[in-house]
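Q: Can you keep this structure in mind? I'll have questions shortly.
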Amino acid sequence: MMPKRTKLQFFLVLTYFSLIAGLILFVQQKYFFAGAQEREVLNSSQTAASDLSGNWVVEAPYADGTVRRSWFNLKQEGDKITGSIRVTLFYYLITESTHGPEGFTLIGSMKDGKSDRRVQYEAKLVGDELHLATRRRPDASLTELAAHRAPAGEGTLPARIAPPPLRKVPDNGLARTPPMGWNSWNKFAGRVDDATVRSIADAMATNGMKEAGYLYINIDDTWEGKRDEQGNIQTNKKFLDMKALANYVHGKGLKLGIYSSLGPNTCAGYEGSYGHEEQDARTYASWGIDYLKYDWCGARTLYTDEEMPAVYQKMGFALQATGRPIIYSLCQYGRLDVWKWGADAGGNLWRTTGDIRDAWDSMSEIGFGQNELAQWARPGHWNDPDMLEVGNGAMTEDEYRTHMSLWSMLAAPLLAGNDLRSMNPAILEILINREVIAVDQDKEGKQGRQAWKSGDQEIWTRPLSGKAQAVAIFNRATAPAKVAVNWGDLGINGKAHVRDLWLHKDIDWPSMDHSVTVPGHGVVFLRVN
Ligand code: GLA
């Protein structure tokens with residue numbers, strides 16, 4: 001028999017344990033059922049939401065007050081997705097989609113001139129957002145984006161405006177010699193703003209560049225804001241008053257240039273002039289703009305390359321209709337042999353290649369690749385192998401001298417692309433070498449050609465006014481080279497007056513050797529009278 005006290009203790013412990021067990025059972029049951037219910041809700045919402053169909057937008061706000069947008073207009077049928085992807089200035093049709101455990105892989109493609117552009121996104125739903133991951137370049141790290149639902153129809157391309165019939169734009173009489181100045185893109189890209197432009201103008205007006213012939217201060221892409229209700233283009237937060245800026249630049253005895261695109265968007269995704277050509281030309285004129293660089297960019301979504309001449313002409317006429325002298329610079333990377341029709345479209349200059357980089361390979365490939373185009377350059381109409389990289393830091397002084405000499409042989413526009421406020425004296429000296437600039441600015445406007453080549457060494461000649469000639473002996477190898485020159489073949493004999501344009505000294509004919517030593521990636525640049 002248990003004693004009375006122990007019985008009571010036993011009873012209490014039993015009650016205690018039963019209570020605990022009951023509580024556990026209650027909690028378990030409650031959460032088990034709730035869990036089941038929630039899982040059910042989750043399952044049904046997953047089925048509904050796992051349909052990616054709809055219009056989605058990714059918005060990227062910029063500090064200048066503008067927003068870059070990408071739209072994903074998707075239609076899902078089972079495991080397949082069709083539709084379009086508009087990444088501001090590019091418009092892709094979805095040509096492939098695959099469904100994996102993590103979501104969908106979408107591949108979009110578009111025709112761009114002779115080539116095909118492709119994008120690839122991994123897409124999956126997370127809550128009520130569409131999460132996307134892509135690589136900007138195959139070797140780049142993943143960029144992750146979140147899209148939210150957008151109203152149907154938002155982000156569709158504007159309707160195509162048929163190109164006007166071809167009509168030759170009369171010569172505007174400008175740019176009798178290749179334009180000289182500065183452009184913001186190579187150094188500042190999207191960081192250019194009003195204060196930078198003013199201080200660059202200050203520098204150019206006082207450091208000897210203005211006296212050497214540099215005139216235009218050109219603002220490249222990223223100044224654009226939204227259009228107002230009347231469709232007038234406005235500046236973004238970086239440029240509060242373009243007219244005041246133009247007045248400032250003009251006050252320094254310099255001129256102001258600007259940039260736009262034929263398409264709805266520029267290359268950097270800002271507002272382009274599409275459908276507003278005359279209006280924009282009038283706005284530029286009212287601000288006091290003297291130069292327009294007009295970039296193909298967003299136009300590729302609406303026009304074929306073959307339509308370029310007609311759509312470029314539109315702005316050519318629009319600029320002339322303003323009555324203000326505005327240099328017209330075509331930028332379409334040399335497609336469709338622009339040198340053959342650029343002048344008829346009203347162009348004073350036309351880019352002949354893709355974008356230059358501050359690198360020997362890029363600069364030399366572009367510069368030495370211009371030989372075939374010589375016949376198309378003439379006063380008022382120039383081949384443009386892109387802006388200068390002199391002083392941007394990734395080439396040696398010898399390489400920058402080659403860059404400057406080659407561009408002068410090519411009668412190329414001389415648009416400095418470095419920070420003029422902080423360059424060292426050696427760089428300034430390269431940019432303001434007046435004897436070299438005189439070759440570039442020669443009034444006959446004949447572009448130089450390759451006269452001789454052996455391995456990595458090339459001699460280029462350029463006829464100059466007054467029966468003079470420029471001779472550039474280039475060494476494209478990294479080591480110094482002795483180049484045997486047959487002066488007679490170049491028409492140079494005892495009667496000639498020969499001057500070294502980098503050493504700034506005359507060379508006595510008797511002392512002229514048959515071989516000239518040229519530094520690696522360097523040049524010996526002569527003027528022969
Ligand atoms: C293109 C042009 C460049 C520059 C950028 C701006 O790439 O070729 O020179 O104007 O656009 O976005």
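The values are calculated or read from the model by the stated rules, or taken from the named source; none is laboratory data. Note that the structure is predicted; figures quoted are calculated from it, not measured. Using ideal geometry, Cβ is built from the backbone for each residue, glycine included, and neighbour counts are taken over all protein chains shown.
Q: Is it the case that some residue within region 390-411 is within 16 Å of the ligand (Cβ to nearest atom), in a loop (DSSP other than H, G, I, E, B), surrounded by fewer than 24 Cβ atoms within 10 Å (Cβ to Cβ) and in contact (Cβ under 8 Å) with a residue 60 or more places away in the chain?
A: Yes, there is a match, as at least one residue in region 390-411 is within 16 Å of the ligand (Cβ to nearest atom), in a loop (DSSP other than H, G, I, E, B), surrounded by fewer than 24 Cβ atoms within 10 Å (Cβ to Cβ) and in contact (Cβ under 8 Å) with a residue 60 or more places away in the chain.
Q: Six or more apart or on different chains, Cβ under 6 Å: which pairs go from a residue in region 221-246 that's closer than 21 Å to Cys297 by Cα and aliphatic (A, V, I, L, M) to one that's at pLDDT 95 or above and not in a strand (DSSP E or B)? Could you list them?
A: Ile233/Asp280; Ile233/Thr283
Q: Right, another one. Select from region 321-347 the residues that are more than 16 Å from the ligand (Cβ to nearest atom) and touching a strand residue (DSSP E or B) at 6+ places or on another chain (Cβ under 7 Å) and write down the one among them that is farthest from Leu414 (Cα to Cα).
A: Ranking the qualifying residues of region 321-347, first place goes to Ala345.
Q: Collect the residues in region 192-230 that are within 16 Å of the ligand (Cβ to nearest atom) and among the charged types (D, E, K, R), keeping them in residue-number order.
A: Those that are within 16 Å of the ligand (Cβ to nearest atom) and among the charged types (D, E, K, R): Asp193, Asp220, Asp221, Glu224.
Q: Same structure again: Which numbered condition in (1) in contact with a Lys or Arg (Cβ under 8 Å, 6 or more places away or on another chain); (2) within 15 Å of the ligand (Cβ to nearest atom); (3) closer than 27 Å to Val169 by Cα is the only one that Arg351 fails?
A: Single failed check for Arg351: (1).
Q: Moving on to the next point. Please enumerate the residues belonging to region 266-278 that are in contact with a helix residue (DSSP H, G or I) (Cβ under 9 Å, 6 or more places away or on another chain) and either aromatic (Phe, Trp, Tyr) or within 13 Å of the ligand (Cβ to nearest atom) (or both).
A: Listed by number, the residues that qualify are Thr266, Cys267, Ala268, Gly269, Gly272, Tyr274.
Residue-by-condition table, conditions (1) at pLDDT 95 or above; (2) more than 29 Å from Met387 (Cα to Cα); (3) aliphatic (A, V, I, L, M):
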{"position": "Arg449", "(1), (2), (3)": "yes, no, no"}
{"position": "Asp456", "(1), (2), (3)": "yes, no, no"}
{"position": "Arg462", "(1), (2), (3)": "yes, no, no"}
{"position": "Val471", "(1), (2), (3)": "yes, no, yes"}
{"position": "Arg476", "(1), (2), (3)": "yes, no, no"}
{"position": "Gly494", "(1), (2), (3)": "no, yes, no"}
{"position": "Val498", "(1), (2), (3)": "no, yes, yes"}
{"position": "Asp513", "(1), (2), (3)": "no, yes, no"}
{"position": "Phe525", "(1), (2), (3)": "yes, no, no"}
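Q: Can you tell me which residues in region 92-142 are within 23 Å of Gly354 (Cβ to Cβ) and either aromatic (Phe, Trp, Tyr) or not in a strand (DSSP E or B) (or both)?
A: Tyr92, Gly113, Lys114, Arg136, Arg137, Pro138, Asp139, Ala140
Q: Quick one: which of Gly251, Gly269, Gly288, Gly257 is closer than 28 Å to Ala195 by Cβ and free of Cβ contacts under 8 Å to residues at least 24 places away in the same chain?
A: Exactly one of Gly251, Gly269, Gly288, Gly257 is closer than 28 Å to Ala195 by Cβ and free of Cβ contacts under 8 Å to residues at least 24 places away in the same chain, namely Gly251.
Q: Are any residues in region 463-486 outside any loop (DSSP other than H, G, I, E, B) and surrounded by fewer than 18 Cβ atoms within 10 Å (Cβ to Cβ), and if so, which ones? Give the steps one after another, and end with the answer.
A: Taking region 463-486 as the starting set, the residues that turn out to be outside any loop (DSSP other than H, G, I, E, B) are 463-464, 468-475, 481-484.
Selection gives Pro463, Lys482, Ala484.
Q: Give all pairs with beta carbons closer than 6 Å in which a residue from region 349-361 that is under 15 Å from Val390 (Cα atoms) meets a residue that is of a type in the set (D, E, K, R) and within 11 Å of the ligand (Cβ to nearest atom); count only pairs at least 6 apart in sequence or on separate chains.
A: As it stands, the answer is Ile356/Asp386, since those pairs meet every condition given.
Q: Okay, next question. Looking for something in contact with a helix residue (DSSP H, G or I) (Cβ under 8 Å, 6 or more places away or on another chain) and β-branched (Val, Ile, Thr) - is there at least one such residue anywhere in region 194-202?
A: Scanning region 194-202 turns up at least one residue that is in contact with a helix residue (DSSP H, G or I) (Cβ under 8 Å, 6 or more places away or on another chain) and β-branched (Val, Ile, Thr).
Q: May I pose another question? Only one of these is more than 16 Å from the ligand (Cβ to nearest atom) and in contact with a Ser or Thr (Cβ under 6 Å, 6 or more places away or on another chain): Ala281, Ala246. Name it.
A: Among Ala281, Ala246, only Ala281 is more than 16 Å from the ligand (Cβ to nearest atom) and in contact with a Ser or Thr (Cβ under 6 Å, 6 or more places away or on another chain).
Q: Would you pick out the residues in region 121-156 that are of a type outside the set (D, E, K, R) and surrounded by 14 or more Cβ atoms within 10 Å (Cβ to Cβ)?
A: Tyr121, Ala123, Leu125, Leu130, His131, Leu132, Ala133, Thr134, Leu145, Ala147, Ala150, Gly155
Q: Condition test on Thr177, is it closer than 30 Å to Pro425 by Cα and either more than 16 Å from the ligand (Cβ to nearest atom) or not in a loop (DSSP other than H, G, I, E, B) (or both)?
A: Judged against the criteria, Thr177 is a match.
Q: I'd like the full set of residues that are surrounded by 17 or more Cβ atoms within 10 Å (Cβ to Cβ), small (Gly, Ala, Ser) and assigned to a loop (DSSP other than H, G, I, E, B), limited to region 347-379.
A: Gly347, Ala377, listed by residue number.
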